[in-house]
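Taking it in order: structure first as structure tokens, then the write-up.
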Amino acid sequence: MGASRQADLYFASFTLPDFLNYLLAAGALSIVFIPIFLSHLQRGDERRAWISFSVIANFILLVGTVGIAVLMALGRPLAELVAPGITDPTDIDALVRLTRIILPAQFFHVVGGLLSAALQAQNLHALPALAPLVYSAGIIIGGLIGAYYPQLGAEGFAWGVLVGSIAGPFALPLYGCIKSNMRWLPLISFNDPDLRRYLWLSLPIMIGFSIVIVDEWIVKNQASYLAPGTLAYLQYGRTLMKVPIGMFGMAVGVASYPTISELVTAGAIVKAYALLCRAVRLTLLLTFAAQVCLTIAGFEAVYLIWGLSAHRFSLSDAQETATVLTFLCLGLSGWAAQTLISRGFYALGSTWLPTLIGTVIAAAMTPVYVALRLRGGAMGLAVASSAAIIIYVMVLGWLQRRRFEREAIARGTTLEGSQGMLRVALRLAMSAVVATGLGLLARIQLLQWLPDANAMTVIGRATLLCMLGIGLYWGMAHLFRVGEIAEIQAVLLRKIRPAQAPDTPHQDS
């Protein structure tokens with residue numbers, strides 16, 4: 001598929017399905033549902049927990065089915081709206097066809113999200129963590145089939161999305177829930193208190209258009225006006241950026257949220273805030289390191305993933321994608337941090353404030369996206385995206401400290417003396433700037449020594465640049481006295497060092 005108009009159409013075809021996913025608050029299913037499900041389990045009322053699950057799941061099935069039918073029927077006019085820069089009738093037909101293939105996948109994503117939330121509430125995390133990998137494998141297999149049958153084109157990837165969503169996000173957690181004695185009952189009750197609570201907590205996410213969600217929509221909308229392949233450059237870059245976000249931000253957020261929620265429910269506000277801040281600091285430490293690597297070795301990463309495996313993805317395509325990736329990565333740590341910071345509000349039962357702040361920032365920044373697209377093309381859109389998420393995270397982090405402080409005072413305690421996030425974030429950002437600057441200088445010299453674009457040379461360059469970048473970053477962070485460095489080093493040492501032999505040999509009795 002490469003960086004072609006066909007790739008643009010494939011990436012644009014996700015906008016309407018993502019919109020439906022957003023309206024169903026799929027991204028917040030675990031955040032909103034876990035406290036509801038967990039509250040019944042903590043009281044020992046497993047039957048009521050599964051009744052709540054059934055009522056909410058069946059409601060989502062009903063609304064989701066209607067939503068898919070409406071979007072299927074209005075596919076063409078809506079396709080022209082989401083990608084106004086694509087005007088060729090043949091391209092629009094292809095965009096509508098791809099959208100209609102991908103739309104039903106949201107059914108499995110949303111219901112699967114609820115199933116995963118039920119597992120996470122029971123401290124069963126393995127299958128929910130595996131689900132995205134199976135989903136990605138489905139897309140890859142679909143793409144390979146599309147490559148083998150060229151007449152399929154981007155439709156191979158689209159069918160991979162649909163099949164992957166069934167096999168991964170839906171089937172895996174369904175299997176896990178069945179093993180944990182799930183009782184999915186045929187109940188529909190609009191008066192159920194848990195359904196009402198779920199809707200109340202999800203409503204701001206459904207009706208608000210936070211920058212966290214609409215950023216990608218705006219970028220796709222504006223990129224459709226640019227040259228063919230530009231939207232693909234942005235999406236390839238975003239896809240690569242999402243890897244460390246998923247590895248660190250989402251993974252830490254999913255793992256820590258149930259504990260933070262339990263601490264808040266128990267009234268241990270100071271402990272909950274301390275755990276949240278620690279999770280954010282560790283995430284920032286790791287994602288800034290990833291940012292350094294993706295900036296100084298971005299071309300190598302892009303070319304290894306897409307350039308060597310796709311004959312339509314040229315060296316110039318890899319360079320364009322790497323350039324866009326550099327500017328997208330300015331916001332990488334912000335994207336990872338927001339997944340954790342927003343969960344702090346959700347643990348307190350506040351879903352309105354993050355959405356309100358995100359919606360205001362989205363409205364304020366939309367003209368900036370347009371202006372920077374006109375002045376800088378794809379790079380301008382990448383800068384606008386990064387600026388928007390950084391502003392959002394800074395405002396949200398400041399408001400969160402104030403909110404937790406009020407909650408602590410209401411319980412007779414205080415956050416005074418608790419380490420926050422900002423100071424460490426600034427130190428890590430400075431460390432990343434220094435490491436990136438020195439790494440780019442080293443890259444110039446390394447390209448003179450290893451200029452070839454064959455697989456082994458590119459792998460060698462990427463390895464050397466990442467090792468140098470991480471070493472410089474780690475050293476600067478240590479120089480700036482970032483305490484989390486010692487914590488990560490201790491974990492690594494425990495993994496590397498063999499178990500120490502006991503002082504005295506064990507005697508059999």
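The values are calculated or read from the model by the stated rules, or taken from the named source; none is laboratory data. Everything numeric in this text was worked out from a predicted model, so none of it was measured. All Cβ positions, glycine included, derive from the backbone under ideal geometry; neighbour counts span all protein chains shown.
In this structure, ALA384 does not satisfy being under 17 Å from GLN222 (Cα atoms) and free of Cβ contacts under 8 Å to residues at least 12 places away in the same chain. When ARG375 is tested against (1) crowded, with 23+ Cβ neighbours inside 10 Å; (2) without any contact (Cβ under 8 Å) to a residue 12 or more places away in the chain, exactly one condition is not met: (1).
Could you grab me the full set of residues in segment 233-252 that are among the aliphatic types (A, V, I, L, M), closer than 18 Å to TYR303 by Cβ and in contact (Cβ under 8 Å) with a residue 60 or more places away in the chain? Within segment 233-252, LEU234, LEU240, MET241 qualify. With respect to (1) assigned to a loop (DSSP other than H, G, I, E, B); (2) at pLDDT 85 or above; (3) not aromatic (Phe, Trp, Tyr), the lone exception for GLY2 is condition (2). Looking at segment 58-70, can you tell me whether even one residue there is touching a Lys or Arg at 6+ places or on another chain (Cβ under 9 Å), in a helix (DSSP H, G or I) and of a type in the set (S, T, N, Q)? So far as segment 58-70 goes, no, none of its residues is touching a Lys or Arg at 6+ places or on another chain (Cβ under 9 Å), in a helix (DSSP H, G or I) and of a type in the set (S, T, N, Q). Taking the criterion of being of a type in the set (S, T, N, Q), more than 21 Å from the chain's Cα centre (by Cα) and either closer than 30 Å to ALA227 by Cβ or not in a loop (DSSP other than H, G, I, E, B) (or both), would at least one residue in segment 80-89 satisfy it? Yes, segment 80-89 contains a residue that is of a type in the set (S, T, N, Q), more than 21 Å from the chain's Cα centre (by Cα) and either closer than 30 Å to ALA227 by Cβ or not in a loop (DSSP other than H, G, I, E, B) (or both). Out of ILE305, ILE296, one residue alone is closer than 30 Å to GLY85 by Cβ and of a type in the set (A, V, I, L, M). It is ILE305. Put simply, of ALA274, ALA318, ALA289 the only residue that is crowded, with 20+ Cβ neighbours inside 10 Å, touching a residue at least 24 places away in the same chain (Cβ under 8 Å), assigned by TED's automatic domain parsing to the domain that holds GLY349 and not β-branched (Val, Ile, Thr) is ALA289. If you take the residues in segment 253-271 that are touching a residue at least 40 places away in the same chain (Cβ under 8 Å) and polar (S, T, N, Q), which one is farthest from GLU407 (Cα to Cα)? In this case the residue turns out to be SER256. For segment 62-114, taking the residues that are in contact (Cβ under 8 Å) with a residue 40 or more places away in the chain and hydroxyl-bearing (Ser, Thr, Tyr), the one that is surrounded by the most Cβ atoms within 10 Å (Cβ to Cβ) is identified as THR99.
Looking at TRP159, TRP200, just one residue is without any contact (Cβ under 8 Å) to a residue 12 or more places away in the chain, aromatic (Phe, Trp, Tyr), not assigned by TED's automatic domain parsing to the domain that holds GLN338 and not in a loop (DSSP other than H, G, I, E, B), and that residue is TRP200. Take the conditions (1) farther than 24 Å from ILE207 by Cα; (2) buried (at least 18 other Cβ atoms within 10 Å of the Cβ); (3) modelled with pLDDT under 90; ILE31 misses just one of them, which is (1). Of the set (1) more than 29 Å from VAL360 (Cα to Cα); (2) among the acidic types (Asp, Glu); (3) assigned by TED's automatic domain parsing to the domain that holds GLY358, all apply to ASP452 but (3). When residues in segment 196-220 are screened for being under 30 Å from ALA7 (Cβ atoms) and of a type in the set (S, T, N, Q), 1 of them pass.
The condition of being out of contact with any Phe, Trp or Tyr (no Cβ under 9 Å at 6 or more places or on another chain), part of a helix (DSSP H, G or I) and at pLDDT below 95 holds for ARG406. At pLDDT 90 or above, under 21 Å from SER256 (Cα atoms) and either outside the structural domain of MET247 (by TED's automatic domain parsing) or surrounded by fewer than 24 Cβ atoms within 10 Å (Cβ to Cβ) (or both): is that true of LEU415 in this structure? It is false that LEU415 is at pLDDT 90 or above, under 21 Å from SER256 (Cα atoms) and either outside the structural domain of MET247 (by TED's automatic domain parsing) or surrounded by fewer than 24 Cβ atoms within 10 Å (Cβ to Cβ) (or both).
Conditions tested, residue by residue: (1) small (Gly, Ala, Ser); (2) farther than 30 Å from PHE59 by Cα; (3) buried (at least 20 other Cβ atoms within 10 Å of the Cβ).
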site: TRP200; (1), (2), (3): no, no, no
site: GLN222; (1), (2), (3): no, yes, yes
site: THR230; (1), (2), (3): no, yes, yes
site: TYR257; (1), (2), (3): no, no, yes
site: ILE260; (1), (2), (3): no, no, yes
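Residues that are modelled with pLDDT of 85 or more, under 20 Å from the mean Cα position of the chain (by Cα) and closer than 14 Å to ALA255 by Cα do not occur anywhere in segment 134-151.
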